[in-house]
Structures are given as structure tokens and as C-alpha cells.
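Written out below as C-alpha cells is the structure these notes cover.
The values are calculated or read from the model by the stated rules, or taken from the named source; none is laboratory data. Bear in mind the structure is a predicted one, so any value in this text is a computation, not a measurement. Neighbour counts are summed over all protein chains in view; Cβ atoms, including those assigned to glycine, are modelled from backbone coordinates with ideal geometry.
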Amino acid sequence: MTAGGVGLAAPPPTLPDFSEVAAIFKKHCLDCHAAQDPEKNLVLETFDTLMRGGDSGKPVIARHASDSLLVKSIEGRDGKKLMPPGKRAKLTPREISIVRGWIDAGASAPSQPAAVSPRDLHTPKIAPKGQPRRAIHALAHAAEPGLVAVARYGEVELVHGATGAPVRTLTGHRGHVNSAAFSRDGKLLATAAGEPGLFGEARLWDVAKGECIRTLEGHTDALYAIAISPDGRTLATGSYDQRIKLWSVASGAELRTLSGHSGAIFGLAFRPDNQVLASVSADRTLKLWDVATGRRLDTRPEALKDLHAVAFSPDGRRVFTAGVDNRIRAYAVSDSALDGTNELLESRFAHEGPILALIASPDGASLLSSAEDRTVKVWNADKLTERVLLDPQPDLAPGVTFAAGGRSIVLGRLDGTLQFYDAATGKAVINTRKP
């Protein structure tokens, strides 16, 4: 009662929020229904994946808890197996009540976006006896403003694309930076990193300012592939969690998840028309996806072992793959990219060891490949004939890129060194620069 004797209305009861339901799923359900290898393709990690459903259909009918498959399974009704299965602890009456209450209240989306909370990695602190190697894991080149991005552990160094002179260092990443890609205009840099088994992390950088625009989190394992669509609107990330995610570059919002690979994603490439995404994986397949819908268009299974790299020709009519079976393959890609319309053109034994990287030149005439046998080669892209063999490398070179309009080659090695070569002759033009 107030001083004037007028009673205050009691506050309305708080409606159940999805965050409470998500906590229950985390406790009881993610052993079988996480994004990696989900039972019956039902993923309970987020609101969106829950509402998308799985092989048994949509698990939730808003405002009808008793009729929802989710509730039937956790109550063991109507012949449904009681979930979680086996000897796992079952939901308590209170937990079932929360799930029921949330559904009957309308099964609303979470009031706050889900935040990824990566687990802390606790390891012994052992001081190194010598200077640790600052290995290079990937390179990317931007014709404008003429920079090469050098990806290392926890950072990306921007260097001059003609001389290798350092420009600035982008710091703050967690884990190895395994992939990098510039936007076509060179104004944005996308980088992929993370800690294996813990989380994946992509970052978008303003190249001119050297500032991180945003960090994108959502994968449950480290990222190994990243690509920006030629129109600069869509970012694709590929992870060891076997998922590909598409993001809005402008807002950072997750657009959709592409599921279909059964192995880690190691390579991504957009077709120049922005409509098709190519991916390669440890499951030995090349897949083509419709960017607008996320629909899988084709799967090519010719590779005999893991695939590490994929690249489109600049005209989009061909896509090239390479990996652990030491071969480069060239496919003709139709306008629709639908199953049955994409032809294997060439399969060339290219190196004596697994191929680490494969890059197409800006004019589409050449391909650049590096392998675990410490060889680097330039190929005629039309017939996959060898054009130039560089001198044997002192260490593996997972970072390779063309620069100077395809006239120059830049290599980044695991020993941390960066080297420039003439693409026509294969001769070193700038001395090795150590980190």
C-alpha cells in the first residue's frame, strides 16, 4: 500500500526465456545433439538450430508443449524413447516445467543474442630454451593497397607487396591464424583462427586503420578457411567442427550454417559471380553451395585423400582442388553448378608429397602450388602442365600467393621466413626476410 492507501499492482510474472532452456540442453543433450555429428541431424546448440529441426521434423510447436516432439521425448510419452537415452541423468520435473513453460509461452527467441563462452585452456607454463619460431601459416595479397597479409600465431603482419617491408601488425587473435583473405577492394581483411577443440574465431579488420571492426564467434573448433565474396557482402568461415558459416560483412550477423561435410573444412572459395561457394574437406570431397539459400548443389568425390585447397579461375568457369593425394584436379563448373553438370577435366600428379596450398593467378593463366616435399611449382592452368619449379625450400611453405599482378610470387614458411620470387623464372628476387 502507498501512503495514500492505493495498492500497487504486482509485477507480471517473468516469462521463461530460451537461455534457461539452453542451459538445460547444455547439461543433458549436447553429447548427442551438438553441431558435430548430431543424432538425427537435430542440433540443440542455439535457438535457430533447434527451431530448424532434424530428421524427425520440427521438435517444437509454439504454444503447444504437450504436442511438441521435444516434450514427448523428455517425458517418454506416446511410445517415444525417454531422453536423454541410456543411463544418462534425465531431466528433473522442474527442468521439464521450464521447457514446457517456454513452449506454451510462445517459444520465443532469446531476449539477448547467445554469447559464445569458449572454455579456458589451462596448460603448464614452460619457458622455451631458445627463441620460438614465428611460423607463417597463410598469406593473402591485395593489389590495392599493395599489401601482403602474413598470418602467424596470434597476429597478422601487413607487409609491402613488392619489398616485404613491414607496414603494421594486427594483434589480438587467439590461437594460430590459419587463413586470411582481403576484400576485392583491399579495404577489409578477414582472418581465421581459434584454439583446437575449444572455439573458432574470425576477425574483420579495417586495413587502412589497422583496427579490428568485429570478431565473429560461433564455431566450436578452430577455423582453417576463410573467404570474402567478390562483392564484399558475405564472409564464409570453415572449421574443424565440419561446419561452414556464412556471415554478413556489414552487420556481422550469422546468415546460415552449411552442413554436409563429414570432415574438417580446409578450403573455401567464392565464384566471381558471388552465387556459388566451393569447399574442400578432410572427407575427401569438393562441394558446391548456393550462397543465397545454403543449398548444396554438387559433391565431387574423386579425391583419394584429404583435400586442403580450392581455387576458382577468375572467370568462374573452372574450380581447382588439391590435397593429400598429391594431385591437382580441374573441374568445369556450369552456370547452375548443379549435380551432373560439372565435369572433371584434368587430374594431374603434381608433387611427391601432400599439397598444402593452391592459388590461381589474377589473369587465370597460372596456378601456384606448394607441398610437403618442400617444392613449389607454377602450372599452366589450362592443361595443368608444369611451367616453373622453384628451388627446393628450406622448410614447408603453407603460405603462398601471387603479387604484382601475377608477376611475383611470395612464400611464407614454417620457419618464419618470407621470400619473393619472379613468377616467370622462379628465381628469388628479394632475400629471405626473417621474422
Single unsatisfied condition, residue 122 versus (1) in a helix (DSSP H, G or I); (2) modelled with pLDDT under 65: (1)
Selected residue [touching a residue at least 12 places away in the same chain (Cβ under 8 Å) and farther than 23 Å from residue 250 by Cα] from 168, 203, 214, 184: 168
Unmet requirement for residue 180, which otherwise passes all of (1) assigned to a strand (DSSP E or B); (2) at pLDDT below 95: (2)
Whichever residue in segment 68-96 is farther than 18 Å from residue 50 by Cα and of a type in the set (Gly, Ala, Ser) and, among such residues, is surrounded by the fewest Cβ atoms within 10 Å (Cβ to Cβ): 79
From the list 396, 384, 389, 367, which one is buried (at least 23 other Cβ atoms within 10 Å of the Cβ) and not β-branched (Val, Ile, Thr)? 367
Of those in segment 409-428 that are of a type in the set (Gly, Ala, Ser) and surrounded by fewer than 21 Cβ atoms within 10 Å (Cβ to Cβ), the residue farthest from residue 362 (Cα to Cα) is 416
Residue 192, sole failed condition from (1) buried (at least 21 other Cβ atoms within 10 Å of the Cβ); (2) at pLDDT below 95; (3) not in a loop (DSSP other than H, G, I, E, B): (2)
Are there any pairs with C-beta distances below 7 angstrom linking a residue in segment 262-287 that is under 21 Å from residue 194 (Cα atoms) to a residue that is outside any strand (DSSP E or B) and of a type in the set (Phe, Trp, Tyr), with the two at least 6 apart or on different chains, and if so which? 264/240
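To keep it simple, each residue is scored yes or no on (1) in a strand (DSSP E or B); (2) more than 25 Å from residue 399 (Cβ to Cβ); (3) among the small types (Gly, Ala, Ser).
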| position | (1), (2), (3) |
| --- | --- |
| 269 | yes, no, yes |
| 299 | yes, yes, no |
| 320 | yes, no, no |
| 337 | no, yes, yes |
Counting only residues that are in a helix (DSSP H, G or I), at positive phi and surrounded by 16 or more Cβ atoms within 10 Å (Cβ to Cβ), segment 24-57 contains a total of 0
Please identify the pairs in which a residue from segment 327-344 that is closer than 19 Å to residue 369 by Cα has its Cβ atom under 6 Å from the Cβ atom of a residue that is of a type in the set (S, T, N, Q), counting only partners at least 6 apart or on another chain. 327/347; 329/321; 329/347; 331/342
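Let's see how each residue does on (1) assigned to a strand (DSSP E or B); (2) among the aromatic types (Phe, Trp, Tyr); (3) in contact with an Asp or Glu (Cβ under 8 Å, 6 or more places away or on another chain):
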residue: 127; (1), (2), (3): no, no, no
residue: 131; (1), (2), (3): no, no, no
residue: 159; (1), (2), (3): yes, no, no
residue: 201; (1), (2), (3): yes, no, yes
From the list 201, 254, 217, which residue is under 20 Å from residue 149 (Cα atoms) and assigned by TED's automatic domain parsing to the domain that holds residue 335? 201
Matching option when the condition is modelled with pLDDT under 95 and either in a strand (DSSP E or B) or not β-branched (Val, Ile, Thr) (or both), among 231, 241, 273, 283: 241
Evaluate segment 48-68: report whether one residue or more is of a type in the set (Val, Ile, Thr) and more than 23 Å from the chain's Cα centre (by Cα). yes
Looking for something out of contact with any Ser or Thr (no Cβ under 6 Å at 6 or more places or on another chain), modelled with pLDDT of 85 or more and not assigned by TED's automatic domain parsing to the domain that holds residue 262 - is there at least one such residue anywhere in segment 74-82? yes
